[in-house]
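> Please see the structure below; I have some questions.
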Amino acid sequence: MKTILLIGGSGTLGQTILPMLLEDKSVSRVRVLSRGEHKQVEMERKFKGARIDFLLGNVCDHRRMKVACRGVDEVYHFAAIKHVHKAEYDPREAVQTNIIGTMNIIEACIENKIKKAMFTSTDKSVSPINLYGATKKCAELLWINGNIGSHDTKFAAVRYGNVWESAGSVAGVWKEQAQKGEQIEVTSPEMTRFFFTPKEAAEFVLNGMEVMNGGEVFLPKMKSSSLLSLVQAYEKPYKVIGRRPGE
């Protein structure tokens, strides 16, 4: 039997992967750690009576990460400042969360002799052109280098694109605009995105954890789609609003 820790676990990916983990007979407890107090209360109601412990905490708090990892067998690191324009506007917070926070988790995993630890990276970490991509690239390298040295923890990462209708996803914005009869806003028709569903994302992460040996960066098979082709599926008029900072 094993105990799992989901860091940043009250987000879309955490909420999707949680019921999958609870179906696994080898999982005795799942810890969900996040800053989202309101989301945690909603999850407590939704998963009432399940084998879950909810922990409030911030990855920037080194001590909190060490305490949260005690008695844990596997860690999934989902926490991040993920929106490109927010990272551009608040670069210090993006660095603190995405880089320093990741370093805190790596140290906590090694200190607590975690068996396996999985990090969720992004396609934007490849030749990054914005701060978000740069911080995730740095975090990904730190995570994989966590395998160096004599200790018990194996670190691996998954790298993927945009999760359709995840929190803050453009798909949710478009859906709301279409329902209100408003013009759908597109930053740039020429832009492309790599999308897959929350379920596909969760299955990809779980598969990576199962087969990892330490040091891998797993890549999914995904097709790119232009924003124009995606927005045309709504069969609604659209308007171009221009690129946001960092895009």
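> Looking at (1) under 24 Å from PRO128 (Cα atoms); (2) in a loop (DSSP other than H, G, I, E, B); (3) at pLDDT 95 or above, which one does GLY71 not meet, given that it meets all the others?
Among (1) under 24 Å from PRO128 (Cα atoms); (2) in a loop (DSSP other than H, G, I, E, B); (3) at pLDDT 95 or above, GLY71 violates only (1).
> For the range 1-59, give me the residue count where each residue is of a type in the set (D, E, K, R), surrounded by fewer than 16 Cβ atoms within 10 Å (Cβ to Cβ) and more than 20 Å from the chain's Cα centre (by Cα).
Adding up the residues that qualify gives 9.
> Give me a count of the residues in the range 42-61 that are over 18 Å from ALA79 (Cα atoms) and either among the acidic types (Asp, Glu) or part of a helix (DSSP H, G or I) (or both).
Counting residues in the range 42-61 that are over 18 Å from ALA79 (Cα atoms) and either among the acidic types (Asp, Glu) or part of a helix (DSSP H, G or I) (or both) gives 4.
> In the range 62-76, which residue that is crowded, with 20+ Cβ neighbours inside 10 Å and in contact with a Gly (Cβ under 9 Å, 6 or more places away or on another chain) is nearest to CYS138 (Cα to Cα)?
Across the range 62-76, the extreme among qualifying residues is TYR76.
> I've got another one for you. With (1) crowded, with 18+ Cβ neighbours inside 10 Å; (2) more than 21 Å from ALA202 (Cβ to Cβ) as the list, and ALA79 as the residue in question, which single condition is left unmet?
(2)
> Condition first: part of a loop (DSSP other than H, G, I, E, B), open to solvent by less than 50 Å² (accessible area, probe 1.4 Å) and closer than 25 Å to ARG31 by Cβ. Now tell me which residues in the range 114-146 satisfy that.
Those that are part of a loop (DSSP other than H, G, I, E, B), open to solvent by less than 50 Å² (accessible area, probe 1.4 Å) and closer than 25 Å to ARG31 by Cβ: ILE114, GLY146.
> For the range 3-28, give me each residue that is assigned to a strand (DSSP E or B) and either touching a Phe, Trp or Tyr at 6+ places or on another chain (Cβ under 7 Å) or aliphatic (A, V, I, L, M) (or both). Reasoning before the result, please.
Going residue by residue through the range 3-28, those that are assigned to a strand (DSSP E or B) are 3-7, 27-28.
If the condition is that a residue be assigned to a strand (DSSP E or B) and either touching a Phe, Trp or Tyr at 6+ places or on another chain (Cβ under 7 Å) or aliphatic (A, V, I, L, M) (or both), then ILE4, LEU5, LEU6, ILE7, VAL27 are the ones that fit.
> If you go through the range 83-100 one residue at a time, do you hit one that is in a loop (DSSP other than H, G, I, E, B) and in contact (Cβ under 8 Å) with a residue 40 or more places away in the chain?
Of the residues in the range 83-100, the ones in a loop (DSSP other than H, G, I, E, B) are 83, 90.
Narrowing further to those that are in contact (Cβ under 8 Å) with a residue 40 or more places away in the chain: 83.
The answer is yes, given that some residue of the range 83-100 is in a loop (DSSP other than H, G, I, E, B) and in contact (Cβ under 8 Å) with a residue 40 or more places away in the chain.
> Please determine, by comparing only the residues of the range 122-150 that are at pLDDT below 95 and either touching a Phe, Trp or Tyr at 6+ places or on another chain (Cβ under 8 Å) or of a type in the set (Lys, Arg) (or both), which one is nearest to VAL75 (Cα to Cα).
Checked the range 122-150; the qualifying residue nearest to VAL75 (Cα to Cα) is THR122.
> If you don't mind, another one. LYS115 passes all but one of (1) farther than 16 Å from ALA156 by Cα; (2) modelled with pLDDT of 95 or more; which number fails?
Every condition holds for LYS115 apart from (1).
> Go through the range 1-60 residue by residue and tally those that are over 24 Å from GLN96 (Cβ atoms) and of a type in the set (S, T, N, Q).
Here the count works out to 5.
> Then there is this: What residue, of ALA108, ALA94, ALA79, is of a type in the set (Gly, Ala, Ser) and closer than 23 Å to MET20 by Cβ? Working first, answer last.
On the way: ALA108 fails: closer than 23 Å to MET20 by Cβ; ALA94 fails: closer than 23 Å to MET20 by Cβ.
After ruling out the rest, the residue left standing is ALA79.
> Checking ILE110 against (1) touching a helix residue (DSSP H, G or I) at 6+ places or on another chain (Cβ under 9 Å); (2) within 21 Å of ALA156 (Cβ to Cβ), which single condition isn't satisfied?
Single failed check for ILE110: (1).
The values are calculated or read from the model by the stated rules, or taken from the named source; none is laboratory data. This one's a predicted model, so the numbers in the text were calculated from it and none came from an experiment. In this analysis, Cβ positions are derived from the backbone assuming ideal geometry, glycine residues included, and neighbour counts consider all displayed protein chains. Note: areas computed on protein heavy atoms with side chains; ligands, DNA, RNA excluded. Shrake-Rupley method; radii C 1.70, N 1.55, O 1.52, S 1.80 Å.
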